[in-house]
Structures are given as C-alpha cells and as structure tokens.
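The values are calculated or read from the model by the stated rules, or taken from the named source; none is laboratory data. Just so we're clear, the structure is a prediction, and the values are computed from it rather than from any experiment. So basically every Cβ, Gly included, is an ideal-geometry build from the backbone, and we count neighbours across all protein chains shown. Side chains are part of the model used for accessible areas, which takes the heavy atoms of the whole protein and leaves out ligands, DNA and RNA. Shrake-Rupley method; radii C 1.70, N 1.55, O 1.52, S 1.80 Å.
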Amino acid sequence: MKVYFDKEGLVQSRGLCEDMDLPYSLFCSASSVYPFVKYEEELAEINDYCVFVLCRLEDKLKTLIDDSEVSFELIKGRRGEEKRTEKEIDDLFDPAYMFSPVFTWERLSRDVNKCTLLLLVLSYLESSLNEIAKWFCEERSISLGRKEKGSNEITFYLRKIGQCCQCDLEKALGNELAYIDKVRKIRNQFVHRGWSVEEKSYDEFRLCDVFDAASKFFAVIERAASGAGIITSDIAWN
C-alpha cells in the first residue's frame with residue numbers, strides 16, 4: 001500500500017542561497033533597514049521551523065511503516081490524479097490497513113499539519129503588514145482607520161501602505177494578492193470547520209508558494225518605501 005509524504009517544496013533557508021533552481025525564494029532586505037531586516041530573519045526562521053516539523057513527521061511515518069505488520073511504501077511527493085489499483089482498494093477495507101496508524105499520520109501530515117503551517121505563515125504576514133501600516137501612517141501623519149466591512153486585513157493594510165507610499169500596491173502585487181486571498185479562505189475554512197474541509201482544498205496550494213508570495217510582499221513594499229523616502233539606504237534601486 002502506497003502512502004505519500006510531501007515536504008511542500010520547502011528547504012532550509014541556507015539552501016535557498018545555494019540553489020537558484022528552487023521553486024521559491026525568501027525575502028532578503030535590500031535596504032538593511034530595520035524592521036525589514038527583522039522580517040528577513042523571522043521569515044527564514046519560520047521557513048526553517050516548517051521544514052523541521054515536516055522532517056519530524058516524515059521520520060514518524062518511516063518508523064510506523066518499519067514497525068507495521070502489513071506492507072507500506074512511502075512515496076515522496078503529492079498523490080497524483082492516478083486512481084488506486086483494484087488491490088489497493090481491496091486493501092483499504094482490510095482491518096490491518098484500515099486501523100493502521102500509518103494512515104492516521106499520513107492524513108495528519110497532508111491535511112491538518114499543512115493548514116496549521118499555513119496558519120502560521122499567514123498570521124505572520126498579517127501581523128507584519130499591520131506593523132508596517134501603523135509605522136508608515138505615523139510617518140505620513142495619516143490615520144490608519146478601520147477596514148471596511150467585507151474586506152480582509154491584508155488588502156486593508158496593503159491599501160494603507162500604498163497610500164503612504166503614493167503607489168498602487170494592490171496592482172503591483174496583484175498576482176500575489178490573489179493567491180494569498182485564495183489560501184486565506186482555505187485557512188479560514190480550516191479554522192472554523194476543521195476536519196470537515198474538503199481534501200481537495202489542501203491540494204490547491206503549496207507552502208513554498210505561500211512563502212514566495214509573502215516574500216514578494218515584503219520586497220515590493222520595501223522598494224516602494226524607499227522610493228517614497230520613508231526609508232533611506234545607500235542601495236541603488238533598479
């Protein structure tokens with residue numbers, strides 16, 4: 001019986017500096033101005049924490065498979081669209097497989113843990129944007145105000161930051177904003193509905209893409225702040 005484990009395309013942050021062919025990147029401050037250097041360090045730490053959790057879960061699955069009385073094959077990566085074989089379907093109804101902790105931990109790693117880590121990354125992004133928006137509004141003597149009913153925190157903060165920088169950040173980060181909004185809805189479904197979230201929702205995102213989008217938020221905001229004179233550095237921006 002095949003079980004699947006996916007590390008979500010994540011690697012240790014130091015590996016991102018060594019391999020340019022990876023599917024994502026982490027924010028690297030170009031200005032070296034605080035708190036952007038803080039966001040760089042903290043996002044890397046969160047990335048490495050996620051990698052640590054995934055590695056420990058993989059070790060747990062390997063141990064359970066080694067100790068199992070029935071045969072399992074650990075496949076690295078996501079389950080594809082291929083259908084289960086007739087034998088695999090029969091095995092699913094075999095009590096030895098049905099009640100195996102291997103399946104429990106496979107689902108925990110694939111579904112619950114994945115959304116838990118998503119919750120962590122999005123909470124950090126929202127908190128950081130809130131901090132930036134308050135900082136920029138204070139610099140510009142602009143009232144932060146309150147978000148409109150029906151809008152979300154990320155869009156609200158981004159709009160305020162853009163107002164302070166006199167640029168349209170919603171347009172500049174259009175693709176990333178749309179992606180973050182999609183995974184934010186999955187996050188909210190998980191928080192409010194938990195285990196009842198449809199499994200297909202978990203396949204609609206990868207954690208490496210979430211980190212990549214969050215990193216672009218910080219990079220574009222830092223550039224806009226520099227262009228608006230809110231932060232200053234010796235870097236020559238292209």
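Brief remarks on what is shown
- Taking the criterion of being surrounded by fewer than 17 Cβ atoms within 10 Å (Cβ to Cβ) and under 20 Å from GLY229 (Cβ atoms), the residues of segment 164-181 that qualify are GLN166, ASP168.
- Among the residues listed as GLU153, GLU139, GLU131, GLU148, the single one being of a type in the set (Asp, Glu) and closer than 18 Å to ALA213 by Cβ: GLU153
- Given (1) under 21 Å from SER123 (Cβ atoms); (2) touching a residue at least 12 places away in the same chain (Cβ under 8 Å); (3) not in a helix (DSSP H, G or I), number of the condition CYS167 does not satisfy: (1)
- You will find that of LEU74, LEU57, the residue that is part of a helix (DSSP H, G or I) and in contact with a helix residue (DSSP H, G or I) (Cβ under 8 Å, 6 or more places away or on another chain) is LEU57 and no other.
- Selected residue (only one of VAL51, VAL3 is among the β-branched types (Val, Ile, Thr) and either on the phi > 0 side of the Ramachandran plot or modelled with pLDDT under 90 (or both)): VAL3
- Unmet requirement for PHE36, which otherwise passes all of (1) surrounded by 13 or more Cβ atoms within 10 Å (Cβ to Cβ); (2) modelled with pLDDT under 95; (3) touching a Phe, Trp or Tyr at 6+ places or on another chain (Cβ under 9 Å): (2)
- Qualifying residue in segment 188-196 (condition: within 16 Å of LEU118 (Cα to Cα), of a type outside the set (Gly, Ala, Ser), open to solvent by less than 20 Å² (accessible area, probe 1.4 Å) and out of contact with any strand residue (DSSP E or B) (no Cβ under 7 Å at 6 or more places or on another chain)): no
- Among residues of segment 118-131 that are crowded, with 16+ Cβ neighbours inside 10 Å, those with a Cβ under 8 angstrom from a residue that is not in a helix (DSSP H, G or I), sequence gap 6+ or separate chain, pair up as LEU118/PHE205.
- Pair list, Cβ under 7 Å, 6 or more apart: segment 94-117 residue open to solvent by less than 70 Å² (accessible area, probe 1.4 Å), other residue among the small types (Gly, Ala, Ser): SER100/SER68; VAL102/SER68
- Cβ pairs under 9 Å, 6+ apart, first in segment 53-77 and free of Cβ contacts under 8 Å to residues at least 24 places away in the same chain, second open to solvent by 30 Å² or more (accessible area, probe 1.4 Å) and among the hydrophobic types (A, V, I, L, M, F, W, C): LYS62/LEU74
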